[in-house]
Structures are given as structure tokens and as C-alpha cells.
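One structure is given here, and the rest of the page talks about it.
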Amino acid sequence: MLATIQVSITFAGFLSSAFAADKIASRLYVAADPTFQNPWMQTLFVILITVLVSYFSLVLGELVPKRLAMRNPEKTSMKVVPVLFFFDLIFRPFTKLLTWSTNIVLRLFGIDPKETPYTVTEDEIRILAEAGVDTGDLPAEDALFIDNIFAFDDKDVGEIMTPRLSVSAISVNSTYDEAVHFAANAHFSRFPVFDEDLDNIVGTLFLKDLMRVPESERGDNFDLHKIMRNAYFVPEGKQIDVLFREMKSKHISMAIVVDEYGGTEGLVTMEDLLEEIVGEIEDEYDPPKTDVVENPDGSYILSGLLTPQEAGRYVKALDDLEEDDNYDTIAGFVLSLLGRIPSDGEQASVTFENLRFTVLEMDDRRIDLILLEIIPDEEITEDEPEYNNNGSNGQTNNGGKTGTR
């Protein structure tokens, strides 16, 4: 059908130009003043008439009909279908001849004419979604879903997991009452079960399995081994789209994330994976999101668990903050600048370029809250230590990830 339309447009343009050049230009030449009847004048008339015919053909024959059809595509399509079928029958021999000729030429260039000539790319779909938002035809939330779906296979588990220090896990040696008390305070329905320490995860406890334990087995004879399920382990470098398919096919709702040495790095749930597409899913137990708070004076209070990429989305001044193998979070970045762990109650401060980071709150040995102040260039004093991009101020900085052990 597309070939028929193209042939029709070509024939219409060809015939209109030929008719205009032959009839109209000749009559204008004859009607012109004898003093202008020169051979070059007839050529000029042919050019002018051809340009005018092409102009009206494009405007009235293509651009205007396309605009009208785009305003109501379904209704217009239904009206022109009979006309298209009629011309399809007339031009079918020509379209077959053109298709056959085109295929021969393509084969001469070593191209298989049966191959798909064009595929839509991710960037083109994103551009279409953005255009739909601009015109109001597509909700901004739907466009965000589309963008998140395409970004889904670009992330690994380590980027979205709940880090080790935030994992709620239960000891395999817990009594029934201890397990119930732990579950009631944790507000989760599934928990990793460890033996001695968090690096030795031996299973997973489902709250519903705990509640089904008979009264007769809730005393001293309670054994968590009997009701826990096998844990599912994944490396932190696994792509989240691959993990999503695995967890879906195996009906798994939680996986333990391990590093290259087998140590526990964190955990990831099916909810974490879905949130990468639809955004944050909050329930009645989720605390309010306070990852970034902007103060009236232009400073910011940041959660230490923010990644540099996440912080850059909230605070423009952190856009250029480079990721590094020595840290995964803003807290890790500040630790790499300080070169030490701040003591309890100490509001350690460090300056990086025109940014001053002050530790506001510690959670054991982890930096929990950070005050970020943006210093105007004229206010930067010489006694404030400057750090380069590798997090060094002349001191040796300990490598490795911070806050994961």
C-alpha cells in the first residue's frame, strides 16, 4: 500500500509538471509581448510554472492533507480506504515492477532486500514520549515509566540493593518469642537468617511460616531450622533485568547479595526491582522520605546512604561528583576525604572544591546525616583543606568500600 501511495504521488507530480510546462508555459510565451519572445524567455516561463505547480502540489497535495489527517487519523483513514484500494488495483503492476527492480539493485550492493530496513531505537521512543508529554497527549508519569523500562537493563544489583548495614536479619538460634518480637519491630514479612554473623546467611524466614508454628513447638523445642526456607544468593554485579526474570520464574521474592568473596553485601527484593520502573512503592510502615532537605540558607542535609548519582539529581552542585571504586555513597565519599571515621558526637568537616561537608549524625560507625554547604569562591580561605578528585589531601587514604562491613 505504501508503494502505491508513493507511485501515485510521483505520477501526480510528474503529470502536473509536464502539463504545466507544455500547455501553460507555451501559452504564456505566445501571449507575451513580442519584444520578450526570445528562446530564453520560454525556458524562464517553464521554470516559473514548474516552481509554482510544485509549490501548490506540495502545500495542497501533501502538507495540508497530512495535517488534516493527523488531526483525526482514524476517521480520515476510513474515508480514504476505498480510494486507496482503487488506486492499488490500477498501479499494482507498476508497484510490482518497481519492487522487483529495487530488489535487484539492492542485491547488486550485497544487501538482502528481505532484511528489516529500519528498526526503532530506544532514543527515538524516548524522544516520542517526550514529545507526547510536551503536547499533552502522554502523561509525564507514563513517559517516566518508558524511560525507566529502557534503563532497567543498564543497572546491576549493587546499585539498587538494601545495603548490609540496613538489613534486618535474625539469628538461627533465636527462640520463638525472640523471633516474634523481632518480626513485630522490623515490620517486614521476610528476613534473612544468619548463623553467628551476617556473612553466614543460612536461610530465609517467612513471617507466615513463623505464625503457623503449633503451640506445642513454640517452647524450648522451637527450632528455626525447621521452618526457614533456602536463601537465594546473587552477585552484586548481576544485571537487574536478568535477576527479575530469574526471581519471577522461580517465584522468589528476596535475594541475598554477595560480593566476590562470598560476604554479604545486602539484599534485594522483588519490590526493589519493580520500583526501578514504577517509582517508590510506599506502604504504611515506610518512613517519610527525607533523603535531602534544603535549608532556607541554601544548604542541604543529605542522607549518607545516597549514591553520588542520586545526590546529583537532588542537588545541582553535586552533578559533577564522580563515582569511584573506593565508595558507593555520599557517606563513603566524605569518609574518603576525611581519611578516618569521626568519633561519636564529633561534627567533622571537610571541604572539597567549593563544597563543605559536615558530619551531623553517626549511626554507630556509619555517617548517617551530612550537612552540605556551597561556598562562594570569594569566601574559600587558604586554611580550609582542598581535596582533588581522588579524595587525597596529601594523606594516604584507605581503599575499599566504607560502611559495608
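The values are calculated or read from the model by the stated rules, or taken from the named source; none is laboratory data. Keep in mind that this is a model prediction, so the values were computed, not measured. Because the Cβ atoms are built from the backbone with ideal geometry, glycine has one as well, and the counts that use them run over all protein chains shown.
Which condition from (1) closer than 15 Å to Ile9 by Cα; (2) at pLDDT below 80 is the one that Thr35 breaks?
The one condition Thr35 does not meet is (1).
What about Lys114, is it of a type in the set (Lys, Arg) and in contact (Cβ under 8 Å) with a residue 40 or more places away in the chain? Break it down stepwise before answering.
Numbers: of a type in the set (Lys, Arg): yes; in contact (Cβ under 8 Å) with a residue 40 or more places away in the chain: no.
It is false that Lys114 is of a type in the set (Lys, Arg) and in contact (Cβ under 8 Å) with a residue 40 or more places away in the chain.
Applying the selection to the stretch 157-192, what residues are part of a loop (DSSP other than H, G, I, E, B) and hydrophobic (A, V, I, L, M, F, W, C)? Write out each step before concluding.
The first filter runs over the stretch 157-192 and keeps only residues part of a loop (DSSP other than H, G, I, E, B), leaving 161, 167-169, 172-175, 187-189.
Matches in the stretch 157-192: Met161, Val167, Ala169, Val172, Phe188.
When you go through Val83, Val53, Val59, Val105 one by one, which is the residue that is surrounded by 10 or more Cβ atoms within 10 Å (Cβ to Cβ) and more than 17 Å from Ile9 (Cβ to Cβ)?
Working: Val83 fails: more than 17 Å from Ile9 (Cβ to Cβ); Val53 fails: more than 17 Å from Ile9 (Cβ to Cβ); Val59 fails: more than 17 Å from Ile9 (Cβ to Cβ).
None of the other options fit; the residue is Val105.
Test Ala255 against the stated conditions and say whether it is within 36 Å of the chain's Cα centre (by Cα) and modelled with pLDDT of 95 or more.
Working: within 36 Å of the chain's Cα centre (by Cα): yes; modelled with pLDDT of 95 or more: yes.
Yes, satisfied.
Are any residues in the stretch 203-229 buried (at least 16 other Cβ atoms within 10 Å of the Cβ) and of a type outside the set (Phe, Trp, Tyr), and if so, which ones?
Gly203, Thr204, Leu205, Leu207, Leu210, Val213, Leu224, Ile227, Met228
Which ranges mark the helices (runs of 4 or more DSSP H) fully within the stretch 59-153 that have 3 or more residues being closer than 30 Å to Asp272 by Cβ and of a type in the set (A, V, I, L, M)?
Values: elements: 64-71, 73-108, 122-135, 140-151.
Qualifying helices (runs of 4 or more DSSP H): 122-135, 140-151.
Considering only the stretch 149-157, I want to know if a residue exists there that is within 25 Å of Asp363 (Cα to Cα) and either among the small types (Gly, Ala, Ser) or surrounded by fewer than 17 Cβ atoms within 10 Å (Cβ to Cβ) (or both). So that I can check it myself, show each step before the final result.
Let us first name the residues in the stretch 149-157 that are within 25 Å of Asp363 (Cα to Cα), namely 157.
Now narrow it down to the ones that are either among the small types (Gly, Ala, Ser) or surrounded by fewer than 17 Cβ atoms within 10 Å (Cβ to Cβ) (or both): none.
No, the stretch 149-157 has no match at all.
Given the criteria modelled with pLDDT under 75 and surrounded by 11 or more Cβ atoms within 10 Å (Cβ to Cβ), does Thr76 qualify?
Details: modelled with pLDDT under 75: no; surrounded by 11 or more Cβ atoms within 10 Å (Cβ to Cβ): yes.
Here the answer is no, as Thr76 does not meet what is asked.
Of the conditions (1) within 26 Å of the chain's Cα centre (by Cα); (2) closer than 24 Å to Ser168 by Cα; (3) hydrophobic (A, V, I, L, M, F, W, C); (4) surrounded by 15 or more Cβ atoms within 10 Å (Cβ to Cβ), Leu274 fails just one. Which one is it?
(4)
If you check every pair at least six apart or on different chains, which have Cβ atoms under 7 Å apart with a residue in the stretch 170-194 that is over 14 Å from Asp209 (Cα atoms) first and a residue that is in a helix (DSSP H, G or I) second?
From the stretch 170-194, the pairs are Ile170/Ala179; Ile170/Phe182; Val172/Leu224; Val172/His225; Ser174/Phe182; Ser174/Leu224.
Would you check if Phe233 is under 22 Å from Thr162 (Cβ atoms) and surrounded by fewer than 17 Cβ atoms within 10 Å (Cβ to Cβ)? Even if it seems obvious, please write down each step before you answer.
Details: under 22 Å from Thr162 (Cβ atoms): yes; surrounded by fewer than 17 Cβ atoms within 10 Å (Cβ to Cβ): yes.
Judged against the criteria, Phe233 is a match.
With respect to Phe206, determine if the residue is within 16 Å of Glu265 (Cα to Cα) and free of Cβ contacts under 8 Å to residues at least 40 places away in the same chain. Show your work before the answer.
Working: within 16 Å of Glu265 (Cα to Cα): no; free of Cβ contacts under 8 Å to residues at least 40 places away in the same chain: yes.
It is false that Phe206 is within 16 Å of Glu265 (Cα to Cα) and free of Cβ contacts under 8 Å to residues at least 40 places away in the same chain.
Would you check which residues across the stretch 289-305 are buried (at least 18 other Cβ atoms within 10 Å of the Cβ), modelled with pLDDT of 85 or more and among the hydrophobic types (A, V, I, L, M, F, W, C) and list them?
Leu302, the sole residue that qualifies.
Only one of these is at positive phi and at pLDDT 70 or above: Gly345, Gly403, Gly391. Name it. Break it down stepwise before answering.
Working: Gly403 fails: at pLDDT 70 or above; Gly391 fails: at pLDDT 70 or above.
Of Gly345, Gly403, Gly391, the one residue that is at positive phi and at pLDDT 70 or above is Gly345.
Being of a type in the set (D, E, K, R), assigned by TED's automatic domain parsing to the domain that holds Ile9 and closer than 19 Å to Thr10 by Cβ narrows it down to one of Arg92, Arg67, Arg71, so name that one.
On the way: Arg67 fails: closer than 19 Å to Thr10 by Cβ; Arg71 fails: closer than 19 Å to Thr10 by Cβ.
So the residue among Arg92, Arg67, Arg71 that is of a type in the set (D, E, K, R), assigned by TED's automatic domain parsing to the domain that holds Ile9 and closer than 19 Å to Thr10 by Cβ is Arg92.
With assigned by TED's automatic domain parsing to the domain that holds Leu274 and either within 30 Å of Glu122 (Cα to Cα) or surrounded by fewer than 18 Cβ atoms within 10 Å (Cβ to Cβ) (or both) as the only criterion, which of Asp177, Asp137 stands out? Spell out how you get there, then give the answer.
Working: Asp137 fails: assigned by TED's automatic domain parsing to the domain that holds Leu274.
Just one listed residue meets the conditions, Asp177.
Within the stretch 317-356, work out how many residues are surrounded by 16 or more Cβ atoms within 10 Å (Cβ to Cβ), in contact (Cβ under 8 Å) with a residue 24 or more places away in the chain and assigned to a strand (DSSP E or B).
Total satisfying the criteria: 6.
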